[in-house]
Each structure stands twice: as C-alpha cells, then as structure tokens.
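The structure appears right after this line, and notes come after that.
The values are calculated or read from the model by the stated rules, or taken from the named source; none is laboratory data. Computed from a predicted structure; not experimentally measured. Don't worry about glycine lacking a Cβ; one is built from the backbone with ideal geometry, like all the others, and counts go over all protein chains shown.
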Amino acid sequence: MKSILMMFLAMQMATSHFALASAPTTFEQAKVELRQKVYYDRNTSEAGDLYCGCDWKWVGRSGGRVDFASCGYEVRAQENRAQRIEWGRIEKTEIFVLQGLPH
C-alpha cells in the first residue's frame with residue numbers, strides 16, 4: 001500500500017510541473033519558445049531541410065538566415081527578405097489566430 005501511495009505522489013509531482021507551464025501570450029514569445037524547445041536542432045540535423053529544403057543558421061532570438069547554395073535555390077525578388085527565416089512560412093499565422101494569440 002505504501003508503494004502505491006509513493007507512486008501516486010510521484011506521478012502527481014511529475015504532472016504538476018507540466019500544468020504550471022504557461023502558453024505563450026504573444027506571437028514573438030511563441031517564436032522564441034519554438035526556437036528553444038522545438039526547432040533548436042533542426043538546422044544541424046537531417047531535419048535541417050525543414051525550411052524549404054535549404055540549410056540555415058540561427059540568428060537572433062527567434063529567426064535565422066538561409067543558405068541558398070546548400071539547396072540550389074535562386075531568388076526571384078527581395079533577396080534580403082528571402083534570406084530571413086519567417087515563422088509564417090513554417091507555421092501558418094492562422095494557427096496562432098485560432099489559438100487566440102495576438103499576431
């Protein structure tokens with residue numbers, strides 16, 4: 001009986017940690033958390049093709065720069081913008097709107 005009680009208490013403590021974590025309240029905060037907790041290793045692993053099949057490097061708090069030579073991509077217009085990682089191309093903004101996050 002004592003071991004069952006200990007197991008129950010351990011499970012309660014483990015799950016309460018996740019319940020205390022709060023969701024991001026802004027799009028900027030969501031981008032930072034995505035970098036830190038979801039996509040942090042996606043540019044250096046086999047999944048580095050997450051962004052249009054090109055390699056890329058983290059730059060700043062939430063974005064990055066695309067290496068066009070790694071995938072043969074040729075920019076038609078707005079080269080400076082094309083080099084930036086934009087979260088709207090990875091996650092549709094409508095997802096954040098539907099979740100009630102300010103965008």
I'd like to check something: does region 54-74 contain any residue that is at pLDDT below 65 and part of a helix (DSSP H, G or I)? no
Over region 1-44, the set of residues of a type in the set (S, T, Y), surrounded by 12 or more Cβ atoms within 10 Å (Cβ to Cβ) and modelled with pLDDT of 75 or more is T26
